[in-house]
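The values are calculated or read from the model by the stated rules, or taken from the named source; none is laboratory data. Bear in mind that the values here come from a model prediction, so they are computed numbers and not experimental data. Backbone-built Cβ (ideal geometry, glycine too); neighbour counts: all protein chains shown. Side chains are part of the model used for accessible areas, which takes the heavy atoms of the whole protein and leaves out ligands, DNA and RNA. Shrake-Rupley method; radii C 1.70, N 1.55, O 1.52, S 1.80 Å.
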Amino acid sequence: MITLIVAVVAVLLAFAAVSLYNGLVRKRGAVDNAWAQVDVQLKRRHDLIPNLVETVKGYASHERQALEAVVAARSQAVNAQTPRDQAAAENALSGALKSLFALAEAYPDLKASRNFSELQEELSATENRIAYSRQYYNDAVLTYNNAIQTVPANIIAGMTGFAAREYFQAPGEERGPVQVRF
């Protein structure tokens, strides 16, 4: 009788361990999928930028420094690997794009260009998709990190090599209050 009880308890513990492990695997897969969605949107953004640069070049070819800054920032963003590196590179790219759009203000013909306007709208829509993808990724990371740090899943996670994931965070200056100047 005792042997039967021990066997039943062992089977239940094994079932619980397998169930916890499979849950962790699903959560890790959700994080990987969420990162893939961020990556898709970032690639879309990276693909739009050369067209934008070429359009601006036609109107403001002597503004070489601003154009080169966008190209260099895009290159860094394309080559970034980790969420931390990707976030830093994307934030640098955003800054370079802001400079490029500020440059457009000085060129009324460029600002009125249909091609430039369409690219600007497409980039704006892509930025919104990136923001949503970042949020979705960070939510998946939160769920996963919580799962590997809570009892009893943390025991299974520790034994099987599940590690915490990084959030895709905005830089410090983007976290502060928005400055409105008139």
Original post:
Hey, does region 140-148 have a residue that's hydroxyl-bearing (S, T, Y) and under 19 Å from the mean Cα position of the chain (by Cα)?
Top reply: yes
**OP:** Could you check how many residues of region 57-74 are closer than 16 Å to F116 by Cα and either surrounded by fewer than 12 Cβ atoms within 10 Å (Cβ to Cβ) or of a type in the set (V, I, T) (or both)?
**Re:** 2
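Tell me which residues, restricted to region 95-131, are touching a residue at least 12 places away in the same chain (Cβ under 8 Å), farther than 22 Å from H62 by Cβ and open to solvent by 30 Å² or more (accessible area, probe 1.4 Å). Step through it out loud before you land on a result.
Filtering region 95-131 down to residues touching a residue at least 12 places away in the same chain (Cβ under 8 Å) leaves 95-97, 99-101, 103-104, 106-107, 109-110, 113, 115-116, 119-120, 122-123, 126-127, 129-130.
Now narrow it down to the ones that are farther than 22 Å from H62 by Cβ: 122-123, 126-127, 129-130.
Across region 95-131, the qualifying residues are E122, E127, R129.
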**OP:** Would you check which residues across region 18-34 are touching a helix residue (DSSP H, G or I) at 6+ places or on another chain (Cβ under 7 Å) and either open to solvent by 50 Å² or more (accessible area, probe 1.4 Å) or not in a helix (DSSP H, G or I) (or both) and list them?
**Re:** L20, Y21, K27, R28
Original post:
Only one of these conditions is not met by Q169: (1) over 30 Å from V70 (Cβ atoms); (2) modelled with pLDDT under 90. Which number is it?
Top reply: (1)
Original post:
Using beta carbons and a limit of 6 Å, which pairs, at least six apart or on different chains, have the first residue in region 73-94 and farther than 11 Å from H46 by Cα and the second one of a type in the set (S, T, N, Q) and open to solvent by 50 Å² or more (accessible area, probe 1.4 Å)?
Top reply: A87/Q169; A89/Q76
Original post:
Name the pairs whose Cβ atoms lie under 8 Å apart, with the first residue in region 46-58 and touching a residue at least 40 places away in the same chain (Cβ under 8 Å), the second basic (K, R) and in a helix (DSSP H, G or I), and 6 or more positions between them or separate chains?
Top reply: I49/R74
Original post:
Residues of region 45-59 being of a type outside the set (V, I, T) and closer than 10 Å to L123 by Cβ, which ones?
Top reply: R45, L48, N51, L52
**OP:** Among the numbered conditions (1) surrounded by 18 or more Cβ atoms within 10 Å (Cβ to Cβ); (2) closer than 24 Å to V53 by Cα; (3) out of contact with any Phe, Trp or Tyr (no Cβ under 7 Å at 6 or more places or on another chain), tell me where A87 comes up short.
**Re:** (3)
Original post:
In region 133-153, what residues are among the small types (G, A, S) and closer than 16 Å to A163 by Cα?
Top reply: A140, A147, A153
Original post:
Could we say that E127 is modelled with pLDDT of 90 or more and within 18 Å of E68 (Cα to Cα) here?
Top reply: no
Subject >> Some residue of region 157-171 being of a type in the set (S, T, N, Q) and within 17 Å of R45 (Cα to Cα) >> reply: no
Original post:
Hey, A77 hits all of (1) at pLDDT 90 or above; (2) over 25 Å from R165 (Cβ atoms); (3) open to solvent by less than 70 Å² (accessible area, probe 1.4 Å) but one; which does it fall short on?
Top reply: (2)
